[in-house]
Amino acid sequence: MHSLGQKILLLLSSGIAFGYSYTPRRQFNVLKGMVEEWKAINKRELRYEIKKLYNSRLVARRENADGSFTLVLTEKGRLKALTYRFQKMKISRENWDKKWRIVIFDIPEKLRKGRDALREKLKDLGFYELQKSVFVFPYQCEDEINFIIEFFGLRKFVRTGVLESVDNEIHLKNIFGLDKIK
């Protein structure tokens, strides 16, 4: 799919990101990013891509009571948008608050593919594997972790937490390049 089509799907699905943003600051950042992305889109290309998305059944047009129309994602479009968002996910590595985020999971063998995908995504995002099913990360990532857990449908098998300290903190600081921070 053309990158503009991906961008449109992601912008239409920004409500999901907004919904997973628990703080007003993060909600503001989601909205600010949406506005900036919409402004950067060429209107002619936008109409062309929306028509393609409509023909591919990724979006649908709904008529409002006032006669205007609203473009909405279909279920197929939502899945595609979630996939794009998942693939492009990054976690901000600014302003370490001297706390450690921990993700612990015990996922049954029958859900092995989901377990392996979760493990790979955590590694891809820069988490350090403390033990086989225990990962640690120094930066705020609650929204991203919640999104990943929901994406794979593993909520009841995954626990998260925030640690004030950990006994191998010197080692972890070195791994994440935080050893110069007091």
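The values are calculated or read from the model by the stated rules, or taken from the named source; none is laboratory data. None of the values given here were measured: they were computed from a predicted structure. Glycine gets a Cβ as well: all are built from the backbone with ideal geometry, and neighbour counts include every protein chain shown.
Here are a few things to note about the model shown:
- Some residue of the range 147-154 being within 12 Å of ARG101 (Cα to Cα), charged (D, E, K, R) and under 19 Å from the mean Cα position of the chain (by Cα): no
- Candidates ILE8, ILE41: the one that is at pLDDT below 75 and in a loop (DSSP other than H, G, I, E, B) is ILE41.
- Residue within the range 167-176 that is touching a residue at least 40 places away in the same chain (Cβ under 8 Å), among the hydrophobic types (A, V, I, L, M, F, W, C) and part of a strand (DSSP E or B) present: no
- The residue pairs whose first member lies in the range 148-160 and is farther than 17 Å from GLU129 by Cβ, whose second member is at pLDDT below 85, and whose beta carbons are closer than 6 Å, counting only pairs six or more residues apart or on different chains, are PHE151/PHE86.
- Residues in the range 106-131 that are more than 19 Å from the chain's Cα centre (by Cα) and closer than 17 Å to VAL166 by Cβ: 3 in all.
- Residues of the range 60-87 that turn out to be part of a helix (DSSP H, G or I), surrounded by fewer than 17 Cβ atoms within 10 Å (Cβ to Cβ) and either touching a helix residue (DSSP H, G or I) at 6+ places or on another chain (Cβ under 7 Å) or of a type in the set (Val, Ile, Thr) (or both), as a count: 2
- Residues located in the range 60-96, provided they are in contact (Cβ under 8 Å) with a residue 40 or more places away in the chain, farther than 30 Å from LYS173 by Cα and touching a strand residue (DSSP E or B) at 6+ places or on another chain (Cβ under 9 Å): LEU71, VAL72, LEU73, GLY77, LYS80, ALA81
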